[in-house]
Amino acid sequence: MLKGIDNRLNAEVLSCLRAMGHGDVLILCDTNFPADSVARDTQLGYLLRMENLTAAEAANAVLSVLPLDTFVDDFAGRMEIVGDPVTVPPVQAEVQAEIDAAEGKPRPMIGIERFAFYDMARQAYAVIQTGERRFYGCFMLRKGVIPPGE
């Protein structure tokens with residue numbers, strides 16, 4: 001345990017988040033996502049797990065230490081529902097609420113078509129698989145910067 005660090009963030013996840021740089025992409029995925037095979041193609045090269053957490057719980061923990069990119073519109077994204085890309089299911093609404101809380105204002109995620117999401121995930125820095133069992137609990141987060149102190 002460390003003071004001031006969310007105890008849901010394990011050592012491997014913390015190390016990965018610290019190593020990422022501005023613009024690097026992190027994938028948070030559900031239990032149905034082909035996480036292990038996709039993670040082998042990422043910069044990190046292996047799968048990270050936060051398997052006892054929902055997508056929203058994992059997003060909350062990650063966003064407690066990871067700034068989101070403020071320079072781009074695709075700072076965060078959600079996997080679109082096949083055949084219904086505009087519908088936002090409850091699992092995605094919950095993660096959107098975590099993003100809005102972390103940002104201090106509403107900042108909508110972009111939608112990413114399913115196979116485009118898989119392609120993006122393979123190019124990501126890392127993949128974290130959560131314990132989320134609801135469908136379409138897959139998200140992209142792009143790391144931002146922390147400005148110098150006053």
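No value in this document is a laboratory result; all are computed from the given coordinates. Computed from a prediction, not measured in an experiment: that's the story for all the values here. In this analysis, Cβ positions are derived from the backbone assuming ideal geometry, glycine residues included, and neighbour counts consider all displayed protein chains.
At 0.36 nm per residue, minus the direct Cα-Cα distance, what do PHE135 and LEU14 gain on full extension? Give it in nm, one decimal, please.
So the chain would gain 40.9 nm between PHE135 and LEU14.
Using only the alpha-carbon atoms of the chain, report the extent along each of the three principal axes, biggest first, to the nearest angstrom.
So the extents along the principal axes, rounded to whole Å, are 47, 32, 25.
With θ set to phi - 60° and the Karplus curve 6.51 cos²θ - 1.76 cosθ + 1.60, what are the ³J(HN,Hα) couplings of region 9-23 in order, to the nearest whole Hz, using x for Gly and Pro?
Working through the residues one at a time gives 8, 6, 4, 5, 5, 4, 4, 5, 4, 5, 6, 4, x, 4, x Hz.
Using a 10 Å cut-off around each Cβ, can you sort LYS3, LYS143, LYS105 from fewest to most neighbouring Cβ atoms? Could you put the intermediate results ahead of the total?
Values: LYS3 4, LYS143 19, LYS105 8.
Result, fewest neighbours first: LYS3, LYS105, LYS143.
Which value at 222 nm does the chain reach when only helices count, each DSSP H run of 4 or more adding -39,500 (n - 2.57), with the total divided by all residues and rounded to the nearest 500 deg cm²/dmol?
On the way: 5 runs with 47 residues, N = 150.
Theoretical 222 nm ellipticity from helices: -9000 deg cm²/dmol.
Note down the nm distance, to one decimal, between modelled labels 7 Å out along Cα→Cβ at VAL145 and at ASP6.
Result for the modelled spin labels: 2.4 nm.
Among residues other than ILE112 whose Cβ falls under 15 Å from its Cβ, what is the net charge (Lys/Arg +1, Asp/Glu -1)? Before the final figure, lay out the partial values.
On the way: positive: ARG78, ARG114, ARG122, ARG142; negative: ASP30, ASP73, ASP74, GLU80, ASP84, GLU113, ASP119.
Local net charge: -3.
Between ASP74 and GLU113, 0.36 nm times their residue separation minus their Cα-Cα distance comes to what?
Numbers: separation 39, 0.36 × 39 = 14.04 nm, distance 1.34 nm.
Gain in length upon complete extension: 12.7 nm.
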